[in-house]
Amino acid sequence: MTLPDRTEIAVIGAGPAGSTLAAALAQRGRSVVLLERDRFPRHKVCGEFLSGESMDVVDELGWRSAFEEFGAPTMTTARLTAPDGATLSVDLPRPARGLSRYQLDAFLFDQACRSGAHTFDGIEVQRIEALPKRKKRLHLATRLEQRIIHSQLDADLVVAAYGRRTSIDRRLSRPFFKTRSPWVAFKGHHQMNEPGCADDLRGVVELHAFSGGYCGASFVEGDKLNICTMFRADLLGPDGPADGGAPFDFLRRVNSPLGRRLAGLKPCFERPLSVAQIPLTIKQPAREEIFFIGDAASMIAPLAGDGQAMAMEGSLILADLLDRHLPTVPLEQWNRIWRRRYAMRIQLGRLFNAALTRPKLSAPVLRLLNRLPGAAHQLVTLTRG
């Protein structure tokens, strides 16, 4: 497919938010170009937990039968542990699924193409230039072997779906970019040392808290376990995973149930994937005549487990808004819609994140919630749609 010179809508980033939005707009007959910096398929740091709400989007866009071919395992229970061994099990409001980003992102990108969007991976948006009449010009770079080819794309409207943090945020002077985040994350797929040694994890997503962070464990397709952890960067050092080289060895020491879990697993990756500067601050869903969606709009604390569902659901909401109002869409209307739908959920996730990463709070909180199962279920439900 040849990159056009102009389009009605340009979507930057082809993760769950960008690909879902491009597909939904294309299904409505809109001209859409979807641009992704990476080449698919590729692994990505993520908990790889698709909460039940995400499957509503899959159904609405007509993708269920194709999705089921991946054999994504189902989860119905969340299990939380504290460093001293305190444990809480909570039924999820709706069954969740475990699918790697290696499969999911390539699948959604392909579905956007099948829906009629013009899809391109391996193209980086380096700069967004303002044009008259609120239009935009995207300055692009495509790497081909040892060469970089520069090109341009004019768009009536631009949606940024490129994830947590990129150089575009700096160029747009987004306020959150000036604040350094203390959070880093590591992710790796694992196999069982012996068949059946992790069978107690089937149908369960585990969250293991420790001082300054937490770790999630759950099955994805292919009978592999995804282990993804987020913790403060100041734990990187002599007593932690030095240089990020051995985070899973470090995790064995900071939470006893997690240590027992990891003892039965062996890594599939030579080195874990990592990402730094994870912003959990509130961002603006619209700025400089650009709409933001998914983690680019704002990121819920990963332990809440609803980030991918929010990205996909929010994309359907934005697609409806754009389709009704193009070519002129009021940015403030998207700000209001987004905040009304997601702001409380994100704030609750931040509070939950703060409590679980403090051992003096996490163990008493888990023990209290064991006595109040209704309250535990309500807390989980409040982070959902």
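Points to keep in mind about this one:
- Residue among 282, 227 that alone is modelled with pLDDT under 90 and closer than 30 Å to residue 94 by Cα: 282
- The condition (being under 16 Å from residue 18 (Cα atoms) and touching a residue at least 40 places away in the same chain (Cβ under 8 Å)) is satisfied by just one residue among 293, 300, 346: 293.
- For the range 1-34, the set of residues classified as assigned to a strand (DSSP E or B) and over 25 Å from residue 165 (Cβ atoms) consists of 6, 7, 8, listed by residue number.
- When the range 306-335 is filtered for residues that are in contact with an Asp or Glu (Cβ under 9 Å, 6 or more places away or on another chain) and among the hydrophobic types (A, V, I, L, M, F, W, C), the ones remaining, listed by number, are 309, 310, 311, 312, 316, 326, 331.
- Qualifying residue in the range 77-99 (condition: surrounded by fewer than 19 Cβ atoms within 10 Å (Cβ to Cβ) and farther than 29 Å from residue 255 by Cβ): no
- Verdict on residue 69 being surrounded by fewer than 23 Cβ atoms within 10 Å (Cβ to Cβ) and out of contact with any Lys or Arg (no Cβ under 9 Å at 6 or more places or on another chain): yes
- Note on the range 307-332: residues that are touching a strand residue (DSSP E or B) at 6+ places or on another chain (Cβ under 6 Å) and modelled with pLDDT of 90 or more total 2.
- Taking each residue of the range 176-197 that is farther than 19 Å from residue 164 by Cα and looking for partners that are outside any loop (DSSP other than H, G, I, E, B) and modelled with pLDDT under 95 with beta-carbon atoms closer than 6 Å, six or more apart or interchain, yields 188/267; 190/265; 190/267; 191/266; 193/266.
- The set of residues from the range 187-207 being closer than 18 Å to residue 259 by Cβ and in contact with a Gly (Cβ under 8 Å, 6 or more places away or on another chain) comprises 192, 193, 194, 197, 198, 206, 207.
- Residue match in the range 51-74 (condition: of a type in the set (A, V, I, L, M) and in a strand (DSSP E or B)): no
- Residues in the range 256-293 that are part of a helix (DSSP H, G or I) and either of a type in the set (Gly, Ala, Ser) or within 15 Å of residue 177 (Cβ to Cβ) (or both): 3 in all.
- Residues that are over 14 Å from residue 225 (Cα atoms), of a type in the set (Gly, Ala, Ser) and touching a Pro at 6+ places or on another chain (Cβ under 8 Å) within the range 92-107 comprise just one, 106.
- Of the strands (runs of 3 or more DSSP E) lying entirely inside the range 101-147, those containing at least 3 residues that are farther than 16 Å from residue 7 by Cβ and in the same structural domain as residue 39 (by TED's automatic domain parsing) span 123-130, 136-144.
- Any hit, the range 295-310, residues being closer than 17 Å to residue 188 by Cα and in a helix (DSSP H, G or I): yes
- Flag for residue 311 being touching a helix residue (DSSP H, G or I) at 6+ places or on another chain (Cβ under 6 Å) and in the same structural domain as residue 157 (by TED's automatic domain parsing): yes
- Candidates are the residues of the range 27-39 that are over 21 Å from the mean Cα position of the chain (by Cα) and crowded, with 23+ Cβ neighbours inside 10 Å; the one that is farthest from residue 150 (Cα to Cα) is 32.
- Residues (farther than 18 Å from residue 285 by Cβ and either among the aliphatic types (A, V, I, L, M) or in contact with a Lys or Arg (Cβ under 6 Å, 6 or more places away or on another chain) (or both)) located in the range 172-186: 182, 184, 185
- Residues of the range 35-44 that turn out to be among the aliphatic types (A, V, I, L, M) and assigned to a loop (DSSP other than H, G, I, E, B), as a count: 0
The values are calculated or read from the model by the stated rules, or taken from the named source; none is laboratory data. Because the structure is predicted, anything quoted here is derived from the model rather than measured. As a convention, Cβ positions derive from the backbone with ideal geometry for all residues, glycine included, and neighbour counts pool all protein chains shown.
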